[in-house]
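Reading through the structure tokens given below for one structure.
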Amino acid sequence: MMRPTWTPKSRNYTFIILHLVLQGMVYTEYTREVFGYCQELEFSLYYLLLPYLLLLVNLCFFALSCVTNPGTITKANELLFLQVYEFDEVMFRKNVRCPTCDLRKPARSKHCRVCNRCVHRFDHHCVWVNNCIGAWNARYFLIYLLTLTASAATMASVITAFLVQVVVFSDLYLETYIDTHGHSQVVDTVFLVQYLFLLFPRIVFLLGFLVVLSFLLGGYLCFALYLAATNQTTNEWYRAGRVLCQHCRHEAQPPPTEPRVFQNIYSHGAWSNLREIFLPAAPYKKKKK
Ligand SMILES: [Zn+2]
Ligand SMILES: [Zn+2]
């Protein structure tokens, strides 16, 4: 029997707990300080409640991403999964067996080293949801990512609006101050940020954290949407540039007359690709020819 050359990792809940603790801390600070101050400044209640609505939706899809079977391949559904996608014979070849599960690998599947199972349309293993992202939970993961980005960005915009109001109402930007050399200086952005940090240290720190988070999540969301619209998984995107090199290395004798470069045969237009994410093929449904 073949022995795996890698050391199997194991699933654990550390990042799920960290995720919930961070989210809890951010929302506690928002509720404890920002919400009250903004109500005093007569901000729209709908605007102030929007982060809570996004949190509610986010937590639902977070839970769904965590607990939904991503598309585990078993002896019972192996044959049905084999019919869902065609083999491109470059990245996915027919009659390849997973040495660990001892199952024939359907096209677009991959063995997850963390969960120790083969997953249909494997995208990646996400430590934040402690689950693989595959055919059956990619839709939940996408909405989870979308609402998480939206909640961070919305909260950042509420805090920014609040701090701008504070500056405008206090006419602070019209003031002057005496610097360390004893010279009178007009208030500039750096001075304003320092002043606001002294006045509302936790709120300004939260804003900095949320701005960085919004850019990171926004960038990742754009990447995930690009992959969804072009019908690629993260695994395929990562391997696409390496397939030809592996091919040359493994099949040097005889050399192929035409180099077989990876081409995405699974994309059928952005709309159809997105529909595939949100209405994934179930193992009981056979592929329509
Ligand atoms: Zn496997
Ligand atoms: Zn996994």
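Collect the residues in the range 60-116 that are more than 20 Å from the chain's Cα centre (by Cα), of a type in the set (Gly, Ala, Ser) and under 14 Å from Ala135 (Cβ atoms), keeping them in residue-number order.
Ala107
Consider the range 189-210. How many of its residues are buried (at least 16 other Cβ atoms within 10 Å of the Cβ) and β-branched (Val, Ile, Thr)?
Residues in the range 189-210 being buried (at least 16 other Cβ atoms within 10 Å of the Cβ) and β-branched (Val, Ile, Thr): 2 in total.
Among the residues of the range 39-71, write down those that are hydroxyl-bearing (Ser, Thr, Tyr) and buried (at least 18 other Cβ atoms within 10 Å of the Cβ).
Ser65, Thr68
Which one is surrounded by the most Cβ atoms within 10 Å (Cβ to Cβ) among residues in the range 76-98 that are assigned to a loop (DSSP other than H, G, I, E, B) and either modelled with pLDDT of 95 or more or of a type in the set (Lys, Arg) (or both)?
Cys98
Would you confirm whether or not the range 70-80 contains a residue that is polar (S, T, N, Q), within 14 Å of ligand 2 (Cβ to nearest atom) and on the phi < 0 side of the Ramachandran plot?
Taking every residue of the range 70-80 in turn, at least one turns out to be polar (S, T, N, Q), within 14 Å of ligand 2 (Cβ to nearest atom) and on the phi < 0 side of the Ramachandran plot.
Condition test on Cys112, is it touching a Leu at 6+ places or on another chain (Cβ under 7 Å) and within 16 Å of ligand 1 (Cβ to nearest atom)?
No: the conditions fail for Cys112.
The values are calculated or read from the model by the stated rules, or taken from the named source; none is laboratory data. On a predicted model such as this, the values are computed, not experimentally measured, just so you know. Positions of Cβ are generated from backbone atoms using ideal geometry, with glycine treated the same way; all protein chains shown enter the neighbour counts.
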